[in-house]
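Beneath this line is the structure, given in structure tokens, with notes to follow.
Every read-out reported here was derived from the displayed coordinates using simple, explicitly stated rules and does not represent laboratory data. Treat the numbers as computed from the prediction; the structure is a model and nothing was measured. With ideal geometry, Cβ positions are generated from the backbone for all residues, glycine too; neighbour counts draw on all protein chains shown.
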Amino acid sequence: MPTTPISLPERLYLLSWDPQRKRFTGSGERGLLLRAAALTELLAAGALRDEDGKAVAVPHVRAPQDPLLALVLEEVAASGRPRTWQHWVRHRARHARGLVRDRLAAARWVRVQPRRVLGIFPVDDVTPRDTRAVRRLADSARSALHGVRPEGISDEDAAAVALAAAARLRTVVSRADGKQRKDRIEALTARTGPVPKALRKAVASQHAATVAASSGGGG
């Protein structure tokens, strides 16, 4: 049996599991989402602070054990100048996916099975080892979104819903939820801090770039 995830990025990775499709979804935005989750956790822990919309590392903070959290903190601390939260959400976002996946695999939350498409291209099939445990995480997030008492929502669930909404992660916040639970999402986003807004902008920018590329750059 896996233990409770120790980081917000791990939680959000697992929340992207779609039990109907039997696969993890939102792969295009997952790197951005995981980076945003790491920034949010570091901010909540006091390892980062916000200065005029920019991320600043707090001096003399002990490095986290989680590889992604440690990497993000090191990057912010080593930066020559303060940069926006959106910059850090986007920075090396693709690299975040493997770090979180490998840590979940080591903790026996997921199973990673390599295979080759057409016998040539290597890919990894990733599946939960215990779908009931993942379902409990999803139920907790949905309770934060739909429950009647927002003051009883944990910080982890508040952040999970806020970030999932920003990243358009439909396994947590459906399109209907985005409209019908807009006030709740806004409240949880305000409680979480500046990162969900930065994530929303990063996702929108990535989508726009994808559309432009698929249409040949507009001529």
Dipole magnitude of the chain about its Cα centre (Cβ charges: Lys, Arg +1; Asp, Glu -1), debye to nearest 20: 720 debye
Other-chain or far-sequence residues with amide H under 5 Å of Arg83's (modelled H): Ala55
Would you mind classifying the stretch 8-208 by shape? Square roots of the alpha carbon gyration tensor eigenvalues, ordered a ≥ b ≥ c; an a/c under 1.5 is rounded, otherwise it is prolate if a/b is larger than b/c and oblate if not. oblate
Fewest to most neighbouring Cβ within 10 Å: what's the order for Lys179, Lys201? Lys179, Lys201
What does the charge count near Arg108 come to, summing +1 for each Lys or Arg and -1 for each Asp or Glu among other residues with Cβ under 9 Å from its Cβ? +1
Counting pairs on different chains as well as pairs 8 or more places apart, how many Lys pairs in the chain have Cα atoms under 19 Å apart? 6
Sorted by Cβ neighbour density within 10 Å, fewest at the top, the residues Asp50, Asp125, Asp66: Asp125, Asp50, Asp66
Quote the relative contact order of the chain in percent (integer), defining contacts as alpha-carbon pairs under 8 Å separated by 6+ residues. 24 percent
Ranking Trp85, Trp109 by Cβ neighbours within 10 Å, fewest first, what do you get? Trp109, Trp85
Cα centroid of the stretch 119-165 to Cα centroid of the stretch 9-42, whole Å: 8 Å
Please label the shape of the stretch 124-219 as rounded, prolate or oblate, based on the square roots a ≥ b ≥ c of the eigenvalues of the alpha-carbon gyration tensor (a/c under 1.5 means rounded; beyond that, a/b larger than b/c means prolate, else oblate). oblate
Global geometry of the stretch 75-159, whether rounded, prolate or oblate, following the gyration tensor of its Cα atoms and the 1.5 cut on a/c: oblate
Could you tell me which residue out of Thr171, Pro19, Thr84 lies farthest along the dipole of the chain toward its positive end? Charges go on the beta carbon: Lys and Arg +1, Asp and Glu -1, centred on the Cα centre. Pro19
